[in-house]
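A quick write-up on the structure given underneath.
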Amino acid sequence: MAILITGGAGYIGSHTVKELLRHGHEPVVYDNLQTGHRKAVMNAPLIEGDLSDLERLEKTFRSFSIKAVIHFAADSLVGESMENPLKYFANNVKNSIQLLEAMVRFNVKKIVFSSSAAVYGEPKEVPITEEHPCRPTNPYGETKWIFEKALEALHRSGKIDFISLRYFNAAGADPEGELGEDHAPETHLVPICINSALDGRPVPIFGTNYDTPDGTCIRDYIHVTDLALAHLLALENLGHDGTAGVYNLGNGSGYSVKQVVGTVERVTGIKIATVESPPRPGDPARLVAGSARIRKALGWTPNYPEIERIVETAYRWHLNHPTGMG
Ligand code: UFG
C-alpha cells in the first residue's frame, strides 16, 4: 500500500520514512527540497514537487495508487510566521487544503498530520492535555490549529479518518546514525548547543527570569525516532473505532534551557559558553506534554525518553556528518 509522505525529506519526515520502510510499508516522498534533503529519503521514491503544484500532486496520487497520507510539508519557523504570516497561511492552510481536496477526489481516506504544541499557546497548566484550550500565540500555531479544524470537519462528514500529532520538542538523531537534524538556519536548542560544543560559538539563552526553578524555559524533548514510531502506529491504527483525533506527543518530562546546556556538556565533555539574551517573543515558560492519550489509544511508548540519549544520538550524528545531510 503506497503512502504519500509530504515533506518526507525533512527532519521528522525522513526518520518516519525510515521507520515505515523498516516495517514493510511503501512510502512515496513528495517534497520540494527547500528545506529537505534528497539523501534523507533513502531508497523511497522521491517526487520533487511543491504542495501548490496540484497537477504534480494529482499525478503522484494517480501513478502510485496512494492509499494514505502522512502530511509533514509545512513552513515551521515561529519567528518567521510572525513577520510573514501570509506565507504560513498560504502553505500550511491553503496548499494543505488542496492536498485534502486531492485526497477526496482520489478517495484516499487516511491522513496522519504533523501538528504542534504551538496550537496551545501559553499554557494555563502543565502537563498539557489534549483538553487544554487552544489559543495559539503566533501564525504558525494558528495555521496548524486551523488545519486540524478542517480535518475534524472532513472527518465528521465521513470523508476521512485522521490522526493529528501535536509534537512538543523534537530532537535527537537516528540511533543507527544515517539521519539527523540539518536545518539552515538552525534555530533549535539541542543542535545549537552541539554546534557550540564543536565550534565554540556561545549559545544565547533566551530569557533567564522566567518563573521556573533556574529562570530559563522548560520544554519536553522527544526523540525523533520515537516521533517516527508514533506516525507508524497512527497509520496502522487509523480507521479503528475511536482512534481519530488529536494526540500530544512528548515524554512528559520538562528540561530547562540550562539543563539542556548541562546535558550537552556532560555528553560531549566540552564546556559550552553561554550568553544571557532577551526572551524570545511568544516563548511560554513551560511546555510539557500530557501524553496519556497516545500511550493508551495507540500503545505508544518512547524507546529513547532520556535527555542524555537524545543528546547523545544528535551529537554522534553531528560528529560523523560535519556537512549535515549533504
Ligand atoms: N533557546 C535558547 N537559545 C537558542 C535557541 C533556543 O535559549 O539559541 C530556547 C528557547 O527560547 C526555548 C527552548 O530553548 O525556550 C527551545 O527552543 P527551540 O527553538 O528549540 O524550540 P521551541 O520550544 O521554540 O519550538 C518548538 C518547536 C516549534 C513549535 C514550538 C511550540 O520547534 O515548531 O515548540 O511552541 F512551534
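Annotation note: Cβ proximity below 7 Å between a residue of the stretch 102-118 that is within 16 Å of the ligand (Cβ to nearest atom) and a residue that is hydrophobic (A, V, I, L, M, F, W, C) and not in a strand (DSSP E or B) (sequence gap 6+ or interchain) occurs for Phe113/Phe147; Phe113/Leu151; Ser114/Ile12; Ser114/Phe72; Ser114/Ala74; Ala117/Phe168; Ala118/Val78. Taking the stretch 214-226 as the range and being within 27 Å of Pro204 (Cα to Cα) and open to solvent by less than 10 Å² (accessible area, probe 1.4 Å) as the test, the residues that pass are Gly215, Thr216, Cys217, Asp220, Ile222, His223, Val224. Name the one entry in Ser115, Ser76 that is polar (S, T, N, Q), assigned to a loop (DSSP other than H, G, I, E, B) and surrounded by 22 or more Cβ atoms within 10 Å (Cβ to Cβ). Just a single option satisfies the conditions, and that option is Ser76. Within the option set Met1, Met42, being in contact with a Leu (Cβ under 7 Å, 6 or more places away or on another chain), open to solvent by 30 Å² or more (accessible area, probe 1.4 Å) and away from the ligand (no atom under 16 Å from the Cβ) holds for one residue only, Met42.
Restricting the search to the stretch 287-304, which residues are among the β-branched types (Val, Ile, Thr) and closer than 21 Å to Leu238 by Cα?
In the first step, residues of the stretch 287-304 are kept if they are among the β-branched types (Val, Ile, Thr); the result is 288, 294, 301.
Correct list: Ile294, Thr301.
Tell me, yes or no, whether the stretch 283-305 has at least one residue that is out of contact with any Ser or Thr (no Cβ under 7 Å at 6 or more places or on another chain), modelled with pLDDT under 95 and within 12 Å of the ligand (Cβ to nearest atom). Scanning the stretch 283-305 turns up at least one residue that is out of contact with any Ser or Thr (no Cβ under 7 Å at 6 or more places or on another chain), modelled with pLDDT under 95 and within 12 Å of the ligand (Cβ to nearest atom). Among the numbered conditions (1) in contact (Cβ under 8 Å) with a residue 40 or more places away in the chain; (2) closer than 22 Å to Gln259 by Cβ, the only one that Leu165 does not meet is (2). The strands (runs of 3 or more DSSP E) located wholly in the stretch 166-263 that include 3 or more residues which are near the ligand (Cβ under 9 Å from one of its atoms) and modelled with pLDDT of 95 or more occupy 169-171, 203-206.
Could you check how many residues of the stretch 310-323 are buried (at least 16 other Cβ atoms within 10 Å of the Cβ) and not acidic (Asp, Glu)? Talk me through it step by step, then tell me what you get.
Quick first cut of the stretch 310-323, residues buried (at least 16 other Cβ atoms within 10 Å of the Cβ) only: 310-318, 321.
Okay, now just the ones that are also not acidic (Asp, Glu), so 310-311, 313-318, 321.
Qualifying residue count, the stretch 310-323: 9.
Could you list, in sequence order, the residues of the stretch 178-201 that are open to solvent by less than 60 Å² (accessible area, probe 1.4 Å) and free of Cβ contacts under 8 Å to residues at least 60 places away in the same chain? Once the filter is applied, which keeps residues that are open to solvent by less than 60 Å² (accessible area, probe 1.4 Å) and free of Cβ contacts under 8 Å to residues at least 60 places away in the same chain, the stretch 178-201 yields Glu186, Ile192. Of the residues that sit in the stretch 124-147 and are at pLDDT 95 or above and of a type in the set (Ser, Thr, Tyr), which one is least open to solvent (accessible area, probe 1.4 Å)? Among residues in the stretch 124-147 that are at pLDDT 95 or above and of a type in the set (Ser, Thr, Tyr), the one least open to solvent (accessible area, probe 1.4 Å) is Thr143. Restricting attention to the stretch 237-275 and to residues that are without any contact (Cβ under 8 Å) to a residue 12 or more places away in the chain and outside the structural domain of Ala289 (by TED's automatic domain parsing), the residue that is most open to solvent (accessible area, probe 1.4 Å) turns out to be Asp241. Taken over the stretch 1-34, the criterion of being more than 22 Å from Leu100 (Cβ to Cβ) and either of a type in the set (Val, Ile, Thr) or in contact (Cβ under 8 Å) with a residue 40 or more places away in the chain (or both) is satisfied by Tyr11, Ser14, His15, Lys18, Glu19, His23. Take Lys94 and tell me if it is open to solvent by 30 Å² or more (accessible area, probe 1.4 Å) and outside any helix (DSSP H, G or I). No; evaluated as a whole, the condition is false for this residue.
The values are calculated or read from the model by the stated rules, or taken from the named source; none is laboratory data. From a predicted model like this one, the values you see are computed outputs, not experimental measurements. Because the Cβ atoms are built from the backbone with ideal geometry, glycine has one as well, and the counts that use them run over all protein chains shown. Quick note on the areas: whole protein, heavy atoms, side chains included, nothing else; ligands and nucleic acids left out. Shrake-Rupley method; radii C 1.70, N 1.55, O 1.52, S 1.80 Å.
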